[in-house]
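Contents: one structure, followed by commentary.
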Amino acid sequence: MAQPGKKIMQEGETPLTALRGELVRRKLDGFIVPHGDEYQNEYLPPCAERLAWLTGFTGSAGLAIVLGGDAAFFTDGRYTLQAAEEVDGADFDLRHIADEPPTNWLAGHLKTGQRLGYDSRLHTPDDLARYERAAHKAGASLVPCQTNPLDGAWADQPQPPTAPVFPYDLAYAGKSSVDKRRKLGAELKKAGAGAVVITAPDSIAWLLNIRGGDVAHTPLPLSYAVLMADGTVELFLDPAKISSGLLDHLGSEVGLHGPDDFGPALDRLAGAGETILVDPARSAAWVFDRLKAAGAKIRNSKDPCQLPKALKNDTECNGIRTAHLRDGAALTRFLAWLSDAAPGGAVSELAAADHLEVLRRESDLLRDLSFPTISGSGPNGAIVHYRVTAESDRMLSPGDLYLVDSGAQYFDGTTDVTRTVFIAGEGRAPDDEQRDHFTRVLKGHIALASARFPSGTTGSALDALARKSLWQVGLDYDHGTGHGVGCYLGVHEGPQRISKIPNKVALMPGMVVSNEPGYYRAGAYGIRIENLVLVIEGDMAGGERQMLGFETLTR
C-alpha cells in the first residue's frame, strides 16, 4: 500500500518514468541520485536504498543522474560487471566513474538554463561544489530540493528503522565513553572551538560506546550528535530506539533529543557565537546550510572520532584476535566440508554461503554477518562484489575456481576474509594460467603481509607491493588493496587504506586493515586472497629508524 502523500505508480510505469514525472511536476530538468543516505553511510537501511529502487543496482557504491531524455549510472571497478548485469542499459548509460566522472558527463549533457535538482541531505559540500562547477560550465543551475522527488515517486518506500540502541560493554570497548568524550573535548578547547557536529553513526557509536541495528550487517545507531568542549554530548535519536539500560549507560552528561530537534539545535548552537567544527567530507551539505543560515562560525575539520576509532586499544586488539580465532575455526570447518561435498557437483553458491553462515552461528557471540557473503564460482567469481541470488545461483562444478569472501560481527571484533579454491573432481586440476595467476596474487599478498616500513608511511606507498607480481605480466585489479575495519562496527572504515589513490593518513600501530590483492578474468573466474592485519611496531636489531609491520589476524 502506498504511504500517505505518495504517488501511486501506474500500470506500465517504471521507477525511472515515475521519477521523471515527479521532476516535471517540480519544474526540474534533472536530478542526482547518489548511493548514500542522510548519514553518508556505505551500507543503508531499506528506506534509503533509493539508487537500488531506481536502477536495480544492489552494490554499495554508485550514482545516477537522470535528465529528461538521458540518464547515466556511474560506479567503480569493483562493480562494473555487476552493474552491467543489474542496470538496464536501455535506460541508463553505464559509466566507469574513474574514466568518466559524473561531472564530465554533466558538463556534456546539461543545456543552458536547465535546472538540476539535488537533495542536500544526501551530498557532502565537497560533492556539491564539483556538481556546481559542472552545472555552471554548461550554463545550468544546481537547485536544492526541500523534499526528495524520488521519495515522492517511490510509492512503497519502507519506513525508517527503529532498532533498539544498546550499551557496548566496557569489557569489549576497552575505554569508557567519559574518557573518550573528555579527551576530545579537551582537544576542542585547544583548537579554540566550542563544539563539533558529528553526523557519522559509526563515530557516534564509538564515542558513546553504543551499538544499534538500523543497518543490516553493521551495528549502527542512525543518529546525530553534538560534542561540546566540556565533554558533554547532545544526542539526537528516535525515542523508539531507546532500550532498557541505555539511559543509565549514557548518564547525565548526554542529553537525549528526537531527530527533528537536530535542526533547531544547530540554530541554537550558531547563536551561542562559538566556533563550530564540521567535517565537509562526512557531513551532509544541509548541516552546513543550516548553520550558515543561522550565522554560525564554522570551521572545516576532520571528524575527531575517526582516527582514534581506527587506533584500536589493547582490549580491542585482544578481542579482535579472539574473534579471528573463533571465525577461523568456522572457516576451516567450512573448507573441509567444501573439499568433500563440492567435487560431487551437489553444492551451489547459495548452499555454500548458507552452510558457512550456519557454522559461524554456532558461536553465541555472533551478532550478524559483517556483509552479505560473496559466493562466486567460475564466471561469477570475476564479479568483485557478486551477490548470489536464487536467479544467479550456480552449481560449483569440477574445474571451477570458487571465490568466497565473507565476514562476521562478533561482540569482540569484526572479521573479513576471502579464500579462492579449485573445485576438484572428475580428474580435473587447475590449468597453467590459473596456477600462474593464483601464484601471482599470493605473492602479492605475502609481500604486503611481510612488509616492514618506516613510521609515517601511508598505505598508498605500500600498494605496489601487492601488485608487483601481476604488473610484471601486464595484469592488475581494479580495486583497493586494503580497507580499514572496525571493532564490532563497520567492515569498511577509515581513515586508513591501502590503495593506488593517495592518502595522507599514515598507517599507525593499532590500525586494522585488509590485505586483499586479486585478479579477475571477466566471464571466466576471479581470484582474491584476503586476510585482516594489525599494524604493529616492527623495529629490527641494528635498525636506525622506527619501523612498523603487520600482524596477520585471520586464522
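Structural remarks
- Rough spin-label spacing in nm, given labels placed 7 Å along Cα→Cβ, for Ala541 and Arg133: 5.4
- 5 angstrom amide H check on Thr458, placed H, neighbours 5+ away: Leu507
- Within the chain, longest stretch free of exposed GluC sites (Glu not before Pro) [DSSP loop, at most 13 other beta carbons within 10 Å]: 12-361
- Size of electric dipole in the range 469-548: Cβ of Lys, Arg +1 and of Asp, Glu -1, about Cα centre, debye, nearest 20: 220
- With 0.36 nm allotted per residue and the present C-alpha distance subtracted, the Glu85-Leu307 stretch has 76.2 nm of extension available.
- Antiparallel DSSP beta bridges within the chain, as percent of all bridges there, nearest 5: 75
- Per-residue Karplus couplings for the range 359-376, computed as 6.51 cos²θ - 1.76 cosθ + 1.60 with θ equal to phi - 60°, are listed in order as 5, 5, 6, 5, 8, 5, 8, 5, 9, 5, 6, 8, 5, x, 4, 8, 10, x Hz, Gly and Pro entered as x.
- Pairs from the list Lys190/Lys297; Lys111/Lys302; Lys312/Lys500; Lys137/Lys504; Lys190/Lys312 with a Cα-Cα gap above 28 Å: Lys111/Lys302; Lys137/Lys504.
- Only helices enter this figure: runs of n ≥ 4 DSSP H residues, each worth -39500 (n - 2.57), summed and divided by the residues of the chain, yield -9500 deg cm²/dmol at 222 nm to the nearest 500.
- Cβ-Cβ FRET estimate between Asp260 and Met508, R0 fixed at 45 Å, reported to 0.05: 0.70
- The range 260-341 - charge dipole about Cα centre, Lys and Arg +1 at Cβ, Asp and Glu -1, debye rounded to 20: 220
- The range 429-478-the range 36-86 distance, computed between alpha-carbon centres (Å): 30
- By the rule of a C-alpha distance below 12 Å, with chain neighbours fewer than 8 residues away ignored, the aspartates and glutamates paired with Lys241 are Asp214.
Read-outs: derived from the displayed coordinates by stated rules, not from any lab. A quick note: this is a predicted structure, and the numbers were derived from the prediction, not measured. When we count neighbours, we look across all protein chains shown, and the Cβ atoms used for this are built from the backbone with ideal geometry, even at glycine.
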